[in-house]
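S.K.: I'd like to ask some things about the structure below.
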Amino acid sequence: MEKNTPSSGSPLTVTIYSFSFKKGIPEDTSGNGGGYVFDCRSVHNPGKYDRFKQLTGLDAPVIEFLEQDGEILRFLDHVYSLVDAHVERFLERGFTHLQVSFGCTGGQHRSAYSAQHLAEHLVAKYPVRVHLIHRERGIDRWLPQECVECK
């Protein structure tokens, strides 16, 4: 599994997973429990098409497919509203961990896209540490803090 280490800074770490429901919901190892598990299976599945089977939600052709009808963007708008409110309260209250997980059939397309975009949204908007794990892809990394709105 590809790994790197966290950057220093915020006391709040947001761990974001993409995963396959077939392999189970990711465990929260922080000891705090809670957080969100979003089911992406209602969004049109690029995995049903041969041209996307070997790609992931991190690849440009899949991203274009998912964004074409706007369905995933509307889904993420709702996710952003919920998670933003949670992050803001956790920052105010000095909490240290929040976990957000996105599941789909194979953990490859819709959930990977959603996890990646939420991670990028949070690092651009809040002074938080983001630990992004695409479990079924073997990717485990910390995003650099780039809080544009904090500057």
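S.K.: Might you check whether a residue that is loosely packed, with under 15 Cβ neighbours inside 10 Å and in a helix (DSSP H, G or I) occurs anywhere in the range 2-11?
M.R.: So far as the range 2-11 goes, no, none of its residues is loosely packed, with under 15 Cβ neighbours inside 10 Å and in a helix (DSSP H, G or I).
S.K.: Can you pull out the residues in the range 106-136 that are over 11 Å from the mean Cα position of the chain (by Cα) and within 17 Å of Asn45 (Cα to Cα)?
M.R.: Scanning the range 106-136 gives Gly106, Gly107, Gln108, His109, Glu136.
S.K.: Let me ask another. Considering the range 93-151 alone, what residues qualify as being at pLDDT 95 or above, on the phi > 0 side of the Ramachandran plot and surrounded by fewer than 16 Cβ atoms within 10 Å (Cβ to Cβ)?
M.R.: Gly138
S.K.: Could you please tell me which pairs satisfy a Cβ distance under 6 Å, a separation of 6+ or placement on different chains, a first residue in the range 128-146 that is closer than 19 Å to Asp59 by Cα, and a second residue that is crowded, with 17+ Cβ neighbours inside 10 Å and among the small types (Gly, Ala, Ser)?
M.R.: Pairs found: Leu132/Ala119; His134/Ser18; His134/Ala112; Glu136/Gly107; Leu143/Ala119.
The values are calculated or read from the model by the stated rules, or taken from the named source; none is laboratory data. Values in this document were obtained by computation on a predicted structure and should not be read as measured data. All Cβ positions, even for glycine, are placed from backbone atoms using ideal geometry, and neighbour counts span all protein chains on display.
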